[in-house]
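The block underneath contains the structure these notes are about, expressed in structure tokens.
The values are calculated or read from the model by the stated rules, or taken from the named source; none is laboratory data. Nothing here was measured: the structure is a model prediction, and the numbers come from that model. Here the Cβ positions follow ideal geometry from the backbone for every residue, glycine too, while neighbour counts run over all protein chains shown.
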Amino acid sequence: MSTTDTDTAADKAAGASAEERELGAAGSQLSTAPSEEISLPSLGVLGWARWFWRQLTSMRVALLLLFLLSLGAIPGSLIPQTSIDALKVQTFKDKHPTLTPIYEKLQLFNVYSSVWFSAIYILLFISLIGCIVPRTWQFIGQLRGRPPGAPRRLTRLPAYTTWRTEAEPEQVLRAAQRIMKGRRFRTESSGDAVAAEKGYLREVGNLLFHVALIVLLVSFAAGQLWKFEGSKLVVEGDGFSNSLVQYDDRKSGQLFNSDDLAPFGFQLDRFTATYERSGPQMRTPRTFNADVTYWDGADGAERKTRIKVNEPLEIAGYKVYLLNHGYAPVVTVRDGKGEIAYKGPVAGLPIDGANLTESMVIKVPDYRNKAGKKDQIAFQGQFLPTWVRSQGMFSVFPALDNPTLVLTAYHGSLGIDGGTPQSVYQLDKSRMKQFMESDGTSKYARALAVGDTMKLPNGAGSLKFEGVKEWASFQISHKPGTEGALIGAVAALVGLAASLFIQRRRVWVRAVTGKDGTTVVEMAGLGRSESAKLPEELADLAVRLQADAPPATEPEPERQPEPEPEAQSAPESENESENESEKESAPESENESPESDGEPASDSGPVAGGTDPADPSEGAHA
């Protein structure tokens with residue numbers, strides 16, 4: 001580096017130091033952000049720990065962690081989550097065998113409970129607390145303090161104005177203090193100046209924003225630790241009671257206690273669904289309503305309501321969402337003795353989401369054959385809401401236009417006597433034998449319309465298709481942190497708006513007596529950041545103050561005597577030499593000028609050094 005560069009850098013540093021000394025306390029920070037000191041951490045564990053803590057609690061790291069948290073939530077929205085829909089997760093795994101191992105290693109099917117998401121979450125929580133605590137104490141100190149005194153040179157500030165007035169300095173300062181208090185400035189009078197400060201709500205907004213983020217994190221954590229949610233499939237006419245044994249599947253947080261389940265229930269009175277029958281939106285649901293009767297508490301009064309998609313039933317701190325819909329064929333099964341072995345609706349598992357084709361399994365463990373011996377029987381097949389024979393074994397429309405039940409039958413052991421749980425939608429046929437037609441070679445199967453009866457070979461029994469009921473699946477959810485998250489989100493928006501649109505600024509007014517006896521008024525302003533509003537506000541304050549301290553009338557300057565007309569220009573160039581010779585031969589005169597017709601040429605007497613005032617060249621210099 002050259003000597004010139006070194007000198008320039010030194011001059012800049014000296015200038016910056018001088019400017020800081022000039023502004024003094026007036027140039028102190030206008031925020032609660034901690035001052036950053038550039039220093040290398042000392043060697044050792046304590047030094048590195050101190051350095052790591054400072055980095056973690058810095059604002060830039062907090063913003064980085066918040067950004068990483070939002071990025072981490074993206075796969076949780078795009079990839080099916082086990083905690084939300086395990087069936088969709090399994091379907092995704094079946095369709096993407098290559099991506100599945102990678103996603104499982106990265107815990108992308110359980111994003112919100114993954115190790116990396118929890119690490120970001122906890123670090124952000126610590127970072128925010130580390131940012132808020134020192135800023136809060138510093139802000140409290142600023143609230144208890146007074147606006148700093150005026151710097152010596154107000155002209156150095158970005159917004160400045162001055163004028164002279166006949167009002168006394170004390171009168172000007174009192175008027176300035178009154179005007180700025182009326183504009184909600186905090187004022188402090190000291191000596192020949194008044195200091196004012198405004199915009200503390202900006203720092204309140206900053207702190208509110210960070211506190212709101214902590215509230216959001218705590219609410220999210222509480223919702224995960226004490227949450228409970230489960231699903232239940234309910235057929236028309238059946239009900240649900242909020243107890244663990246009633247749920248088809250359930251999951252809860254680590255701190256949830258089953259004794260905390262609220263006593264409520266509901267009954268599905270009717271489900272109504274209509275579909276678009278033509279156009280590009282064919283088969284799209286138009287109405288999707290569940291009419292229910294519910295009660296809160298063991299002895300609570302019954303009330304009726306309607307649950308729609310995205311319009312859940314809210315009861316006892318729980319929300320009951322309508323998720324899905326399907327059909328439950330009503331059948332009557334008689335054994336070989338003609339006795340009713342089973343009668344009622346059987347819900348199917350949808351295998352075609354658009355047209356609601358369902359996989360059917362009917363298990364009858366309490367059954368006797370024609371000889372009266374105990375046996376077990378099962379039916380397996382499909383239910384088609386609208387069946388067209390030429391279209392195969394799938395429904396062509398989701399409404400009940402031509403409901404058909406296609407079944408085959410098995411007898412033997414269902415495998416449930418050992419106590420091993422089984423899915424009601426799956427049939428273990430390893431110890432069962434399928435019924436055959438009378439020829440002994442064809443498998444027995446029938447397609448039943450409503451009212452048809454399926455008679456098993458050799459008098460083994462029968463199944464009658466009585467009708468169709470509809471079912472609806474509900475999700476019952478309880479998350480205690482929802483209200484806190486809403487409050488935190490609203491508070492974060494309010495705090496962010498305050499920190500963006502409110503400007504912290506300081507204004508000083510100085511009034512001193514000038515040398516001419518008038519009062520010199522100076523006004524200056526300083527803001528946290530450059531803004532056009534500060535000069536505008538200072539100009540408005542100055543206009544208001546001039547009503548009490550009007551500018552003094554400037555004295556008219558003394559009229560100066562008009563200067564004598566200068567000597568005429570030199571003659572034309574062709575006669576210049578001749579005139580010069582004439583002037584040289586002319587006698588010197590102290591009272592006359594060749595061009596003044598006898599008027600005095602000057603009041604100052606002879607010119608020293610023999611210079612001729614009539615010389616055109618000398619007149620041009622003058």
Single condition GLY467 does not satisfy, out of (1) more than 17 Å from THR404 (Cα to Cα); (2) in contact (Cβ under 8 Å) with a residue 40 or more places away in the chain: (1)
Checked against (1) surrounded by fewer than 18 Cβ atoms within 10 Å (Cβ to Cβ); (2) under 16 Å from MET180 (Cα atoms), VAL509 satisfies every condition except (1)
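Counting just the residues of region 232-290 that are of a type in the set (Ser, Thr, Tyr), farther than 15 Å from GLY326 by Cβ and touching an Asp or Glu at 6+ places or on another chain (Cβ under 8 Å), which one comes out surrounded by the most Cβ atoms within 10 Å (Cβ to Cβ)? Spell out the reasoning first.
From region 232-290, those of a type in the set (Ser, Thr, Tyr) are 241, 243, 247, 252, 258, 272, 274-275, 278, 284, 287; that's our starting set.
From the residues that got through so far, the ones that are farther than 15 Å from GLY326 by Cβ too are 241, 243, 247, 252, 258, 274, 278, 284, 287.
Pick out the ones that are also touching an Asp or Glu at 6+ places or on another chain (Cβ under 8 Å) and you get 252, 284.
On the way: SER252: 18, THR284: 12.
Residue satisfying both the conditions and the ranking: SER252.
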Within region 54-81, how many residues turn out to be without any contact (Cβ under 8 Å) to a residue 40 or more places away in the chain, β-branched (Val, Ile, Thr) and surrounded by 15 or more Cβ atoms within 10 Å (Cβ to Cβ)? 1
I need the full set of residues from region 472-484 which are modelled with pLDDT under 90 and either in contact with a Gly (Cβ under 8 Å, 6 or more places away or on another chain) or part of a loop (DSSP other than H, G, I, E, B) (or both), in order please. LYS479, PRO480, GLY481, THR482
Note on ALA222: of the conditions (1) in contact (Cβ under 8 Å) with a residue 60 or more places away in the chain; (2) outside the structural domain of PHE271 (by TED's automatic domain parsing); (3) touching a strand residue (DSSP E or B) at 6+ places or on another chain (Cβ under 8 Å), unmet is (3)
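Does LEU407 satisfy the criteria of being in a strand (DSSP E or B) and closer than 23 Å to GLY459 by Cα?
yes
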Restricting to region 205-262, give me the number of residues that are hydrophobic (A, V, I, L, M, F, W, C) and more than 30 Å from TRP137 (Cβ to Cβ). 13
Counting only residues that are among the small types (Gly, Ala, Ser) and touching a residue at least 60 places away in the same chain (Cβ under 8 Å), which one in region 186-212 is farthest from VAL520 (Cα to Cα)? ALA212
Return only the number of the condition from (1) within 51 Å of the chain's Cα centre (by Cα); (2) buried (at least 19 other Cβ atoms within 10 Å of the Cβ); (3) not hydroxyl-bearing (Ser, Thr, Tyr) that LYS304 does not satisfy. (2)
Filter region 485-533 down to residues that are β-branched (Val, Ile, Thr) and assigned to a strand (DSSP E or B), then give me how many there are. 7
Boolean, ALA86 is loosely packed, with under 12 Cβ neighbours inside 10 Å, of a type outside the set (Val, Ile, Thr) and either in contact with a strand residue (DSSP E or B) (Cβ under 7 Å, 6 or more places away or on another chain) or farther than 30 Å from GLU188 by Cα (or both): no
With criteria (1) assigned to a strand (DSSP E or B); (2) modelled with pLDDT under 90, ALA222 comes up short on (1)
Here is a list: ALA262, ALA196, ALA273, ALA290. Which entry is touching a Ser or Thr at 6+ places or on another chain (Cβ under 7 Å) and either among the aromatic types (Phe, Trp, Tyr) or over 30 Å from CYS131 (Cα atoms) (or both)? ALA273
Go through region 444-458 residue by residue and tally those that are of a type outside the set (A, V, I, L, M) and touching a Pro at 6+ places or on another chain (Cβ under 8 Å). 1
Looking at region 532-554, which of its residues are surrounded by 15 or more Cβ atoms within 10 Å (Cβ to Cβ) and either in contact with a helix residue (DSSP H, G or I) (Cβ under 7 Å, 6 or more places away or on another chain) or charged (D, E, K, R) (or both)? GLU537, LEU541, ARG544, LEU545, ASP548, ALA549
Search region 364-392 for residues being closer than 18 Å to ALA328 by Cα and within 51 Å of the chain's Cα centre (by Cα), and hand back the single one that is surrounded by the most Cβ atoms within 10 Å (Cβ to Cβ). PHE383
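Going through region 322-354 one residue at a time, which ones are under 25 Å from TYR294 (Cβ atoms), in contact (Cβ under 8 Å) with a residue 60 or more places away in the chain and assigned to a strand (DSSP E or B)? Talk me through it step by step, then tell me what you get.
Narrowing region 322-354 to residues under 25 Å from TYR294 (Cβ atoms): 322-328, 330, 344-345, 347.
Pick out the ones that are also in contact (Cβ under 8 Å) with a residue 60 or more places away in the chain and you get 322-328, 330, 345, 347.
LEU322, LEU323, ASN324, HIS325, GLY326, TYR327, ALA328, VAL330, PRO345 - these are the residues of region 322-354 that are under 25 Å from TYR294 (Cβ atoms), in contact (Cβ under 8 Å) with a residue 60 or more places away in the chain and assigned to a strand (DSSP E or B).
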Of all residues in region 89-130, which are free of Cβ contacts under 8 Å to residues at least 12 places away in the same chain, among the β-branched types (Val, Ile, Thr) and either buried (at least 16 other Cβ atoms within 10 Å of the Cβ) or in contact with a Phe, Trp or Tyr (Cβ under 8 Å, 6 or more places away or on another chain) (or both)? THR100
Are there any pairs, at least 6 apart or on different chains, whose C-beta atoms fall under 8 Å, with the first in region 488-502 and touching a residue at least 24 places away in the same chain (Cβ under 8 Å) and the second outside any helix (DSSP H, G or I), and if so, which? ILE502/GLY199
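Conditions (1) β-branched (Val, Ile, Thr); (2) assigned to a strand (DSSP E or B), marked per residue:
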| position | (1), (2) |
| --- | --- |
| PRO148 | no, no |
| THR161 | yes, yes |
| GLU170 | no, no |
| ARG178 | no, no |
| GLU188 | no, yes |
| VAL194 | yes, yes |
Filter result for the condition that a residue is in a helix (DSSP H, G or I), modelled with pLDDT of 75 or more and closer than 30 Å to GLY199 by Cα, over LEU63, LEU69: LEU63
Residue pairs within 8 Å by beta carbon, gap of at least six or interchain, first lying in region 431-446 and in the same structural domain as SER413 (by TED's automatic domain parsing) and assigned to a strand (DSSP E or B), second among the basic types (Lys, Arg) and surrounded by 10 or more Cβ atoms within 10 Å (Cβ to Cβ), listed first then second, are GLN434/LYS443; MET436/LYS443
Looking at region 196-227 only, could you name the residues that are of a type in the set (A, V, I, L, M, F, W, C), buried (at least 21 other Cβ atoms within 10 Å of the Cβ) and in contact with a Lys or Arg (Cβ under 7 Å, 6 or more places away or on another chain)? ALA196
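Can you pull out the residues in region 419-449 that are of a type in the set (A, V, I, L, M), farther than 18 Å from TYR342 by Cβ and surrounded by 12 or more Cβ atoms within 10 Å (Cβ to Cβ)?
Within region 419-449, MET436, ALA445, ALA447 meet the criteria.
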Considering every residue within region 184-205, establish whether at least one is β-branched (Val, Ile, Thr) and more than 26 Å from THR57 (Cβ to Cβ). yes
Hey, among the residues in region 512-524 that are on the phi < 0 side of the Ramachandran plot, of a type outside the set (S, T, N, Q) and surrounded by fewer than 22 Cβ atoms within 10 Å (Cβ to Cβ), which one's nearest to the chain's Cα centre (by Cα)? GLU522
